[in-house]
1. At a 10 Å Cβ-Cβ cut-off, how would you order ASP184, ASP97, fewest neighbours first?
2. Cut-off is 10 Å between beta-carbons; in what order do TYR123, TYR150 appear when sorted fewest neighbours first?
3. Once the piece of chain linking LEU164 and ARG59 is laid out straight, how much longer is it, given 0.36 nm per residue of separation minus the C-alpha distance between them?
4. Give me the one-decimal nm value for the distance between modelled label points at ASN89 and TYR123, 7 Å along each residue's Cα-to-Cβ direction.
5. Length gain on complete extension for the stretch ARG152 to ARG211, per 0.36 nm per residue less the alpha carbon to alpha carbon distance?
6. To the nearest 20 debye, what charge dipole does the range 142-183 have about its Cα centre, counting +1 at the Cβ of each Lys and Arg and -1 at the Cβ of each Asp and Glu?
7. Sort ARG112, ARG107, ARG211 so that the residue with the fewest other Cβ atoms within 10 Å of its own Cβ comes first and the one with the most comes last.
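Here, each number is a calculation from the coordinates, and none is a lab measurement. Since the structure is predicted, the reported quantities are computational estimates derived from the model, not experimental observations. Because the Cβ atoms are built from the backbone with ideal geometry, glycine has one as well, and the counts that use them run over all protein chains shown.
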Amino acid sequence: MIATAPQPKSSWSRLDASDWLENGAHFSASEFLRRYEKLPEDEKAELVNGVVYMAPPVRFEQHAEPDSLIQTWLGVYGIATPGVKSGTNSTIRLGPDDVPQPDGLLRIIPERGGRSRVDARGYIEGPPELLVEVAASSASLDTREKRASYRRAGVREYLVWRTLDAEIDWWMLEEDEYRPVPLDADGIMRSQVFPGLWLAKDALLAGDGQRLLAVLNEGLRHADHSAFTAELARRQSDGPTA
C-alpha cells in the first residue's frame, strides 16, 4: 500500500512545501523533475505512469551486493563493445508521465543507431535498449507498473532480478509485447539486442562472479559479438540515422 502525506524529512527543512515529493503523488514529468532536482542527493524517487515512488532504504544482501554484481556484468559488456554504454541509477525521461531511475542499463549511442540521447541537463531522454532492476521490496512495482511503462516506451529488453524470490525475469519486446528471453539448454540466457551478452542464470543467483564473467567472456568471443561490433562501426561511418 502506498503511504500518502508523510511528514517531511529533516533533510528537507530548507524546502518549501511546494517542492516536496511524496509517495503516491501525481505529477507530470516536468514537475516531478523540478521537485526532484531540489531534494538532497541521497534521495531516490521515480515517476511511473504519473505516480511518485520514493525508494526505501537499501539492504546489503538483498540489493546492494546483487546490484554490484550485475553492474559488473553490464560494465564489462559495455567496455568490450564500442558504441554501447552502460550506466547505473540514471534518471531517464521516457515520456510525459514516466521518469524512472533503473538500477542499470545498456544503451547504444545515437551515432550508432541508438534511440536514447543525453539531453542538455544530463538526463537520458528516450528508451535505452536494455533496462535492469534489482528488486527486493520493489518486486511488485518492477514487474508490474514499471514493466508496463517500459513496454509502452519501447524499451527493447527488460531484466528483473527478484532477489527475495531467487528468480530472474528477462523480457524482450516483440510485436509490442514482452516475451521471455529463453533459458537455453546450457543454462544460459542470451540477449537478442546485444549479441554476446550472455547470462549464466545459476551463477548470478548464486553470486558466483567468476563463472558469471567467464560465461560473459565466452559470449564476447563469439562471432555474433564480432559481427555486432562491426555493424555498430559501420553505422558510425555511414553517419547519423534518420
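1. Values: ASP184 11, ASP97 17.
Result, fewest neighbours first: ASP184, ASP97.
2. Neighbour counts put them in this order, fewest first: TYR123, TYR150.
3. On the way: separation 105, 0.36 × 105 = 37.80 nm, distance 1.16 nm.
Taking 0.36 nm per residue and subtracting the Cα distance, the gain is 36.6 nm.
4. It is 1.8 nm.
5. Working: separation 59, 0.36 × 59 = 21.24 nm, distance 3.46 nm.
Extending this stretch completely gives an extra 17.8 nm.
6. Details: 8 positive and 10 negative charges, 31 e Å.
Using only the charged Cβ atoms, the result is roughly 160 debye.
7. Working: ARG112 20, ARG107 25, ARG211 13.
With the sparsest Cβ surroundings first, the list reads ARG211, ARG112, ARG107.
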